[in-house]
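A short write-up of the structure that comes next.
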Amino acid sequence: MRRLLPILALLLSCTANAQTIALTQLASGFDQPLGIAHAGDTRLFVIQQTGRVSIFDGTNRLAQPFLDVSSLVSCCGERGLLGLAFHPRYRDNGFFYIDYTDRNGNTVVARYSVSATDPNRADPASARVLLNVAQPFGGHLAFGPDNYLYIGLGDGGSAGDPGNRAQDLSTLLGKILRIDVDGASRYAIPPSNPFVNRAGARGEIWAFGLRNPWRFSFDRTTGDLRIADVGQDSWEEVNFAPATSIGGENYGWRKMEGTHCFNPSTNCRDASMTLPIFEYSHAEGCSITGGYVYRGAKYPALKNTYLFADYCSGSVWATKRSADGTFSTRKVLSTNASVTSFGEDAAGELYLVDGARGIVYAIRETTPSTPRRRAASH
């Protein structure tokens, strides 16, 4: 059962702004939750790795799932139902898209429709598979400001990417893809994609050199893209592409892990690499979870702040981009949560998902009361 509880005592002062970041428990009882999406209204759709999508309507977690594809999904570890994105014109067409690993262990991206009679239920018979990629792990979905669907795929597993797939433009693995879901019966490749006319390259590729992009997001105000990429042995990283990007970024893996040489062990960097805006070592965690730039209205002090976390340590960081294009990052919260995802609602408010405990939290900031000054003695 869902429980509304008092403010959870997971607080850490943010000295830069004399404020406090806090988590408020919103709902619990989810089965391995690892994502949140919205459909342009007040509902939150919670992705559960075992194959179900549940609805939190702002007051209650609905007993009946919005979608149940558990019979299609192989779970768990890095497999399962991993991504959900609603079409930008969902109110008109009722389309949404999921990313899951099927019973054969392959990544599937499929389109579904909402039920014609119940807005809180999907039509299970409406499935149309758009993409099937032979690999053991799936990824993340998000529509960009251009209304194209972006898909994150890992390098396919095996430590160190022995097939060098992330650097190989003939395979979709280790990439961010960009497709037009309105342009054909399954999908079309946007003609402006960076590798459309390159011989031997897959036209779906938007960016490459990624190991395991676990949550990427577009800033709803600027259109900038931030990608959290899970490292191999030593370094976790956040990558960035401005809204003006024409695609084609090489984020370095497997040549580099973060800003450090991986394979080869020396002389790995060249001018084609796009280096991360932030990295942290495995002394501080083991698996990055990407978040969102805060664009809500409730907490003005959090404006322009990108939040992300580490799954193992429960640490949460905040990054801001200055007017000169530089980035500053600081740790803002220490928790005991296994942070599998962040979420953003239609109003731009942010949420944090604890996958191990099945809990969704709302993120907020609080301003400590200012101590009263003593009157000067004479």
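Couple of notes before you dig in:
- The set of residues in the stretch 254-282 that are charged (D, E, K, R) and free of Cβ contacts under 8 Å to residues at least 60 places away in the same chain comprises E257, R269, D270, E279.
- Search result, residues across the stretch 56-69 that are buried (at least 17 other Cβ atoms within 10 Å of the Cβ) and in a loop (DSSP other than H, G, I, E, B): P65, F66, V69
- Residue within the stretch 249-258 that is assigned to a loop (DSSP other than H, G, I, E, B), under 22 Å from N147 (Cβ atoms) and touching a Lys or Arg at 6+ places or on another chain (Cβ under 9 Å) present: no
- From the list R91, R111, the lone residue that is among the basic types (K, R), farther than 26 Å from A27 by Cα and outside any loop (DSSP other than H, G, I, E, B) is R111.
- Unique residue being of a type in the set (A, V, I, L, M) and assigned to a loop (DSSP other than H, G, I, E, B) when the list is A228, A201, A207: A201
- Qualifying residue in the stretch 164-177 (condition: farther than 29 Å from D92 by Cα, part of a strand (DSSP E or B) and of a type in the set (K, R)): yes
- The residues of the stretch 170-189 that are in contact (Cβ under 8 Å) with a residue 60 or more places away in the chain and of a type outside the set (K, R), listed by number, are G174, V181.
- Among the residues making up the stretch 285-324, those that are free of Cβ contacts under 8 Å to residues at least 40 places away in the same chain and over 20 Å from the mean Cα position of the chain (by Cα) are P300, S322, A323, D324.
- Residues in the stretch 156-186 that are open to solvent by less than 10 Å² (accessible area, probe 1.4 Å) and among the charged types (D, E, K, R): D161, K175.
- Residues of the stretch 270-289 classified as open to solvent by 40 Å² or more (accessible area, probe 1.4 Å) and either over 21 Å from G325 (Cβ atoms) or small (G, A, S) (or both), total: 7
- Test for S313: is it modelled with pLDDT under 95 and open to solvent by 20 Å² or more (accessible area, probe 1.4 Å): no
- Any hit, the stretch 142-156, residues being among the polar types (S, T, N, Q), closer than 14 Å to Y97 by Cβ and in a loop (DSSP other than H, G, I, E, B): yes
- Selection status of R254, over 18 Å from L352 (Cβ atoms) and among the charged types (D, E, K, R): yes
- Enumeration of residues in the stretch 24-39 that are part of a loop (DSSP other than H, G, I, E, B) and open to solvent by less than 30 Å² (accessible area, probe 1.4 Å): S28, F30, A39
The values are calculated or read from the model by the stated rules, or taken from the named source; none is laboratory data. Keep in mind that this is a model prediction, so the values were computed, not measured. We place every Cβ from the backbone using ideal geometry, glycine too, and count neighbours over all the protein chains shown. Ligands, DNA and RNA are stripped out before the accessible areas are found, and what is left, the full protein with its side chains, is counted by its heavy atoms. Shrake-Rupley method; radii C 1.70, N 1.55, O 1.52, S 1.80 Å.
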